[in-house]
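Asker: My questions will all concern the structure given below.
The values are calculated or read from the model by the stated rules, or taken from the named source; none is laboratory data. Note that this is a predicted model, so its numbers are computed, not measured. Cβ sites come from the backbone with ideal geometry, for glycine too, and all protein chains shown count toward neighbours. Accessible surface areas use protein heavy atoms only, side chains included; no ligands, DNA or RNA. Shrake-Rupley method; radii C 1.70, N 1.55, O 1.52, S 1.80 Å.
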Amino acid sequence: AAVQAVLDAGLVWDSTVTQFKELETVSVPELSQHAENASATILSAIDSTLLRAEISPTGTLLQGNANFLAVSGLSGDENAGSDLRATLALTGEAGAEPLGSLLDRRTGATGRFSLLRRTGDVRLIEGRLTPVPDFNGSVRQFLLLGTDITDAQAILDNAGAERRLLQERQQAVVDALRASLAQLAEGDLTATIGTAFGAAVFGAVLGPV
């Protein structure tokens, strides 16, 4: 289809001289070689940075690059034929949608995917599942492109937990100070704060001295 579009246009882009030239100076084999070179370059760029998996409409792994195999825990011998329907799902606030349901919809999906490894742990993939049509417009396979964000998400989760803990401790300081000041206002000079607080908590509440 791409070659036919070029033939219809009567022009071809020659990247070696970055200019258009008339089609009659370019043969069909040259066009095919241009297309193959471009495809190889694009695929190499993708594989160097992203994980890639080609999946059949029934959920079988057709091919995965080295990044996908590393994340999934599959060996090179398992690069084709593994059933991903029970291990790959799209996650969201409404819950997880398994791969089988995504494939049945034939529309693709963008977001965060969970991938269950054989070791039992789950990896998180931020990416896009895209249907790939054949010449008749039917879905021939699906292409998953994404990035493993498991470690980055764990860091964010830990930071969030620490922030919530600090906020709780800060609130405890404020409550204790408020209660003691109320007692002092009522004339109780024996009011004390019985909870020990760290310097980090006091610094966050009182600010720099």
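Asker: With each pseudo-label sitting 7 Å past Cα toward Cβ, what's the GLN33-ARG118 distance in nm, one decimal?
Answerer: Placing both labels 7 Å beyond Cα along the Cβ direction yields 4.3 nm.
Asker: Could you tell me which trypsin sites (Lys or Arg not before Pro) in the range 66-110 are loop residues by DSSP with no more than 12 other beta carbons within 10 angstrom of their beta carbon?
Answerer: Counting only loop positions with at most 12 other Cβ atoms within 10 Å, the trypsin sites (Lys or Arg not before Pro) in the range 66-110 are ARG106.
Asker: Probe radius 1.4 Å, ligands and nucleic acids ignored: give me the carbon and sulfur share of the accessible area of the range 46-191 as a rounded percent.
Answerer: Reported share for carbon and sulfur atoms: 54 percent.
Asker: For the range 120-172, what is the accessible area per residue in Å², given a 1.4 Å probe and the full set of protein chains?
Answerer: 65 Å²
Asker: Any idea what log10 I(q)/I(0) is at q = 0.24 Å⁻¹ for the range 74-172, Debye with uniform C-alpha scatterers and no solvent?
Answerer: Log10 of I(q)/I(0), two decimals: -1.33.
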